[in-house]
1. How high is the relative contact order of segment 56-126, in percent, with contacts defined as C-alpha pairs under 8 Å that are six or more residues apart?
2. If I model a spin label as a point 7 Å beyond the Cα along the Cα-Cβ vector, how far apart are those points for Ser79 and Leu36 in nm?
3. Multiply the residue gap between Gln133 and Ala57 by 0.36 nm, knock off their C-alpha separation, and tell me the result in nm, one decimal place.
4. Mind ordering 30-38, 70-78 by average Cβ neighbours within 10 Å, highest first?
5. Quote the accessible area belonging to Tyr127 in square angstrom, nearest 10, computed with a 1.4 Å probe and with ligands, DNA and RNA left uncounted.
6. Could you calculate the contour length gain from Val116 to Cys92, that is, 0.36 nm times the residue separation minus the distance between their Cα atoms, to one decimal place in nm?
7. Please list, by residue number, every one of the trypsin sites (Lys or Arg not before Pro) in segment 55-143 that is coil in DSSP and has at most 12 other beta-carbon atoms within 10 Å.
Amino acid sequence: MTYPQQSAPVWPRYPVAPPEKSPNAGLIVGLVAAALLAAGGVTAVTMAIVTSGGAPAVDPDPFSAQAGDCISADEDAGSNGEFSGGAVRVHCSDSAANYSVLAQLKSGTGADCASVPGYEYGNPVVYDFKSGQSRELCVMPKD
């Protein structure tokens, strides 16, 4: 209420509605920055793979190979021990990859490479002479 000698109040009688909130600019900037960092990380990983020769390194132990993996072994080795001892797991895209692994078997279980589909009798077998475990890899020459 105002008296005749008083002026009207400076503020309105009813409060003005607060302005609508705009989106949180800090949150938006943070999300954009996170997206850019993630994209940069993917780019960095991609660049690392491309500059390192195209593929990450593999464990050279031939018994780390599974069906479908490739190994490199000396085709002209004089004995099976030399052939098995010189076998190394490599990428299938490697020019040294000359055998494809069909299966890894545990020796002494009654299973042998002759029972593996796709294995042809007379092809080499990689035996594990180093670790003392009874394992063998059934391999076929890679085309």
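1. Details: 104 pairs, mean separation 23.5, N = 71.
Computed over segment 56-126, the figure is 33 percent.
2. In this crude spin-label approximation the distance works out to 6.5 nm.
3. Numbers: separation 76, 0.36 × 76 = 27.36 nm, distance 2.47 nm.
That pair, Gln133 and Ala57, stretches by 24.9 nm at full extension.
4. Ranking the peptides 30-38, 70-78 by packing returns 70-78, 30-38.
5. 80 Å²
6. Details: separation 24, 0.36 × 24 = 8.64 nm, distance 2.07 nm.
Between Val116 and Cys92, full extension yields an extra 6.6 nm.
7. Numbers: sites: Arg89, Lys106, Lys130, Arg135, Lys142; in loops: Lys130, Lys142.
Filter output for segment 55-143: Lys130.
The values are calculated or read from the model by the stated rules, or taken from the named source; none is laboratory data. What you see is a predicted model; the values in this text were computed from it and never measured. FYI the Cβ positions are ideal-geometry reconstructions off the backbone, even for glycines, and counts take in every protein chain you see. Note: areas computed on protein heavy atoms with side chains; ligands, DNA, RNA excluded. Shrake-Rupley method; radii C 1.70, N 1.55, O 1.52, S 1.80 Å.
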